[in-house]
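What follows is calculated from the coordinates using simple rules that are stated; it is not laboratory data. If you're wondering where the values come from, they're calculated on a predicted model, not measured in any experiment. Virtual Cβ from ideal backbone geometry, glycine too; neighbours counted across all protein chains shown.
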Amino acid sequence: MQKRLHKVVFPVAGLGTRFLPATKVVAKEMLPVLDRPLIQYAVDEAVDAGADTLVFVTNRYKHAIADYFDKAYELEAKLAESGKDALLELVRGTLPRGVRCVFVTQPEALGLGHAVLCARPVVGDEPFGVILPDDLIWTGKGAGALRQMAELSAQEDAGVIAVEEVPPEDTHKYGIVDATPISDRAAKIRLVVEKPKPAVAPSNLAIVGRYVLPGRIFELLEKTTPGAGGEIQLTDAIEMLLAEHPVLAYRFEGTRFDCGNKLGLVKATLHMALNDAQIGAATRELVNAAAKR
Ligand code: G1P
């Protein structure tokens with residue numbers, strides 16, 4: 001597989017019910033972590049991995065995502081007129097030059113596997129990345145998680161899935177892998193299972209929202225029947241892929257925040273605030289004062 005991932009898919013058609021009522025009108029992916037929406041962190045990570053084509057699998061309620069990455073003529077003209085160059089750069093920088101967005105609709109919410117399959121006409125049969133924007137992975141100044149995975153994928157000529165250990169009682173929330181270590185961070189997957197109960201889980205190594213997959217996965221997704229939760233699961237297609245193509249589980253370098261729930265979003269926001277040049281010190285004081293109360 002090539003080192004650079006040209007195409008990255010973002011399944012963003014979820015309803016975001018955990019953030020109602022805000023998500024009545026605001027797409028979950030547009031919720032800010034400090035001053036940037038969740039989707040911006042995901043897009044930056046894709047671009048860091050070499051992406052030039054971003055494929056958003058979306059629905060009719062997610063127009064804000066397209067608007068966000070579109071050129072904001074009036075706003076840009078106003079900022080330019082008033083000499084606010086730094087802000088102008090910020091607004092223009094949401095989508096780097098040479099990167100294009102393609103929007104594909106997922107007409108029915110039939111599961112993550114189905115969402116990824118909707119991207120097939122754009123991706124074709126080349127290797128591609130998948131980022132679930134709910135999982136924000138912070139790597140500071142280091143390579144983004146998807147870049148780390150793209151490099152491993154090229155080196156080993158294998159699919160790569162990001163994993164992290166979770167408390168054993170949480171296995172029912174994730175895809176869980178059983179894998180044989182090949183290095184400190186990588187392991188060859190023998191088995192993947194979607195959301196097993198703790199008693200039957202093969203391990204506590206959980207899939208987090210980053211994948212590097214060969215185009216072949218689309219053919220397998222076509223054959224995938226509804227699995228856990230009655231949905232077409234990406235995990236089930238990956239399980240089929242294992243019979244013909246190596247897939248590695250990879251413990252990325254970085255910190256994951258599950259921004260699909262309130263506490264995770266608060267943790268991510270606090271983390272970014274503590275690391276922010278302008279408000280970091282004040283946030284620390286605030287946290288320390290709260291701890292003393
Ligand atoms: C999806 C995948 C699951 C994975 C998880 C990571 O589940 O189906 O295998 O562990 O994302 O966030 P979801 O969170 O959409 O239910």
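Simple point charges give the picture: +1 on the Cβ of Lys and Arg, -1 on the Cβ of Asp and Glu, and for the chain a dipole about the Cα centre of about 600 debye.
So which trypsin sites (Lys or Arg not before Pro) in the range 172-261 end up in coil per DSSP with only 15 or fewer other C-beta atoms within 10 Å? For trypsin sites (Lys or Arg not before Pro) across the range 172-261 that sit outside H, G, I, E and B with at most 15 neighbouring Cβ atoms in 10 Å, the list reads R185.
In units of the rule-of-thumb radius 2.2 N^0.38 Å, the chain shows an alpha carbon radius of gyration of 1.02.
Can you work out the FRET efficiency for the pair E126 and K78, with r the C-beta to C-beta distance and R0 = 30 Å, to the nearest 0.05?
On the way: r = 41 Å, r/R0 = 1.36.
With R0 = 30 Å, the Cβ-Cβ based efficiency is 0.15.
Enter the Cα centre distance for the pair the range 240-287 and the range 64-123, rounded to the nearest angstrom. Spelled out, the Cα-based centre of one part sits 22 Å from the other. Given their separation in residues at 0.36 nm each and the Cα-Cα distance between them, N288 and E165 gain 41.4 nm when the chain is fully extended. The eigenvalues of the Cα gyration tensor, multiplied by 5 and square-rooted, give the range 175-222 an equivalent ellipsoid with semi-axes of 20, 16, 9 Å from largest to smallest. This model, with +1 at the C-beta of Lys and Arg and -1 at the C-beta of Asp and Glu, gives the range 103-196 a dipole about its Cα centre of some 120 debye.
Electrostatic bookkeeping for G230 treats Lys and Arg as +1 and Asp and Glu as -1; over the other residues with beta carbon under 15 Å from its beta carbon, the sum is -3.
Relative intensity of the range 214-293 on a log10 scale, I(q)/I(0) at q = 0.18, 0.25 Å⁻¹, equals -0.85, -1.14, per a Debye sum over C-alpha point scatterers of equal strength in the absence of solvent.
Return a whole-number percent for the relative contact order of the range 162-239, with Cα pairs under 8 Å and 6 or more residues apart as the contact set. Intermediate results must be reported in sequence, preceding the final value.
Values: 124 pairs, mean separation 26.1, N = 78.
In percent, rounded to a whole number, it is 33.
Which is the longest run of the chain containing none of the GluC sites (Glu not before Pro) found in DSSP loop states (not H, G, I, E, B) with at most 12 other C-beta atoms within 10 Å? Intermediate results must be reported in sequence, preceding the final value.
Working: sites that count: E108, E244.
After excluding every exposed loop site, the longest remaining stretch is 109-243.
Applying both filters, DSSP loop and at most 11 other Cβ atoms within 10 Å, to the trypsin sites (Lys or Arg not before Pro) of the range 1-77 gives R60, K71. With unit charges on the beta carbons (Lys and Arg positive, Asp and Glu negative) and the dipole taken about the Cα centre of the chain, which residue among A13, L286, M240 sits farthest to the positive side? Looking along the dipole axis, the top candidate is L286. Couplings for the range 233-243, taken from phi via the Karplus curve 6.51 cos²θ - 1.76 cosθ + 1.60 with θ = phi - 60°, read 9, 4, 4, 5, 5, 5, 4, 5, 4, 4, 5 Hz in order; Gly and Pro are left as x. Each Lys and Arg Cβ is given +1 and each Asp and Glu Cβ -1; about its Cα centre, the range 219-293 then shows a dipole of about 780 debye. Per the Debye formula on identical point scatterers at the alpha carbon atoms of the range 6-61, with no solvent, log10 I(q)/I(0) at q = 0.18, 0.25, 0.26 Å⁻¹ is -0.64, -1.02, -1.06.
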